[in-house]
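The values are calculated or read from the model by the stated rules, or taken from the named source; none is laboratory data. Owing to the predicted nature of the structure, the values given are computational and were not obtained by experimental measurement. In this analysis, Cβ positions are derived from the backbone assuming ideal geometry, glycine residues included, and neighbour counts consider all displayed protein chains.
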Amino acid sequence: MERNIADFILLFVVLLFSLSFHEASHAWTALRFGDDTGYLMGRVTLNPLAHIDVFGTVLFPVIAFVTGWPLIGWAKPVPVNTARLTDVKKGHILISLAGPGSNLLLAIIFFIGFKLFLMNQPLVGELLGGFAEPAFQILQFGLWVNVALAVFNVLPIPPLDGHWVLYHLLPYHAAQVFDQLRPYGFILLYILLLTGILSYIFLPAFWLINAALR
């Protein structure tokens, strides 16, 4: 049990950092396209306190760990004022993609770190001593968590980032019909989760990672 708690703490730290990087990337990209809403709210930062949602970021992961219930967590979303964007369609699409893109970038960094660790285990063990195993766990968690966040957030289901990308790519009337799904987004996500369909969506990405690690 102690080992499980230690793993959860490491995983939670990695998750906090990854979510903070994700949300800060949204705010930073919005600023590049003329919307300083997120910036003025202090969201262009890696400080997790600026991005934590008490329920979605803290309570739900803890409950999921203790009970084993399949709960979907979230961070505090960065508000985007599209009226301030210099190019609404392009800007909103790139702002939306900035979050999953940042997680993909982190996944690549963690992957490189993971491979370097494996190739230099004796040296790393000598340098880090008792911290070598936690460092290995952090690299492993960082890789899987960020791949999962990247894949999950590009799904075209509200309130995920992918839903805004599809919204702006659809013809106007189709986009308005699609937007009617917004109140039912979490219901659709839980249907995918509880039916096991969500795990199949992740399979190709996880298969590629396993192949690359081998």
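Details
- Condition check for LEU106: of a type outside the set (Gly, Ala, Ser) and either in contact (Cβ under 8 Å) with a residue 40 or more places away in the chain or under 25 Å from GLY162 (Cβ atoms) (or both): yes
- Being more than 22 Å from SER20 (Cβ to Cβ) and at pLDDT 90 or above is a description that does not apply to ILE108.
- Residue ID - farthest from VAL13 (Cα to Cα), chosen from residues in region 83-101 that are surrounded by 17 or more Cβ atoms within 10 Å (Cβ to Cβ) and not hydrophobic (A, V, I, L, M, F, W, C): GLY91
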